[in-house]
Amino acid sequence: MQPTVTAAQAAQRVEEILRDASAQLPPGAEMKPFGHTGTLPCDDPTDGGPAGRVFVEQQYELDFPPGWPADQALPTLAAYWQWRGYQVVNDLRDHGDPRFTVQDPADGYRVGVTVYHRAPGSVDVYLIGSSPCVWRRGTPDAS
């Protein structure tokens with residue numbers, strides 16, 4: 001079985017792609033930890049690989065400066081990711097609560113943005129990043 005990066009290295013890469021996404025937004029936009037962050041079992045690997053691996057997921061809520069149209073986060077990030085050559089995994093921009101997810105073809109890491117329209121004039125925006133399946137320590141356990 002092939003070695004992978006460790007879960008800690010995967011977490012660093014996920015954080016890197018999320019910070020890169022946030023940097024495309026207006027100065028002052030803040031990332032606030034939200035929801036589940038950490039490792040999860042890779043119970044249903046889509047890569048055909050062996051069971052027993054994990055993936056890393058990190059989620060942030062974006063807090064924007066006053067007056068910045070938060071609903072522009074999704075088109076801004078979608079354009080940036082497509083410019084970078086990321087592959088579109090999920091494009092639900094035409095839904096009531098739009099979302100857009102891409103994958104870096106070089107390493108399989110995913111990043112996405114979801115916009116929730118809570119009330120007229122109230123928009124919540126979330127960034128979610130995840131790794132491909134990895135061995136927690138980079139190689140299978142000896143068991």
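Here are a few things to note about the model shown:
- Taking (1) more than 15 Å from Ile128 (Cα to Cα); (2) of a type in the set (Gly, Ala, Ser); (3) open to solvent by 30 Å² or more (accessible area, probe 1.4 Å) in turn, Ala23 satisfies each apart from (1).
- Selected residue (only one of Asp71, Asp43, Asp47, Asp94 is part of a helix (DSSP H, G or I), charged (D, E, K, R) and over 16 Å from the mean Cα position of the chain (by Cα)): Asp71
- Just one of the numbered conditions (1) within 15 Å of Cys133 (Cα to Cα); (2) open to solvent by 30 Å² or more (accessible area, probe 1.4 Å); (3) charged (D, E, K, R); (4) at pLDDT below 95 is not true of Arg93: (1).
- Check on Ala51, touching a strand residue (DSSP E or B) at 6+ places or on another chain (Cβ under 7 Å) and not aromatic (Phe, Trp, Tyr): no
- Selection over the stretch 96-143 of residues that are open to solvent by less than 70 Å² (accessible area, probe 1.4 Å) and either under 22 Å from Lys32 (Cα atoms) or touching a Lys or Arg at 6+ places or on another chain (Cβ under 9 Å) (or both) gives a count of 31.
- Sub-8 Å Cβ pairs linking a first residue in the stretch 52-63 that is within 11 Å of Ser130 (Cβ to Cβ) to a second residue that is charged (D, E, K, R) and open to solvent by less than 50 Å² (accessible area, probe 1.4 Å), at least 6 apart or interchain, are Gln58/Glu15, ordered by first then second residue.
The values are calculated or read from the model by the stated rules, or taken from the named source; none is laboratory data. On a predicted model such as this, the values are computed, not experimentally measured, just so you know. Virtual Cβ from ideal backbone geometry, glycine too; neighbours counted across all protein chains shown. Surface areas here come from the heavy atoms of the whole protein model, side chains and all, with no ligands, DNA or RNA. Shrake-Rupley method; radii C 1.70, N 1.55, O 1.52, S 1.80 Å.
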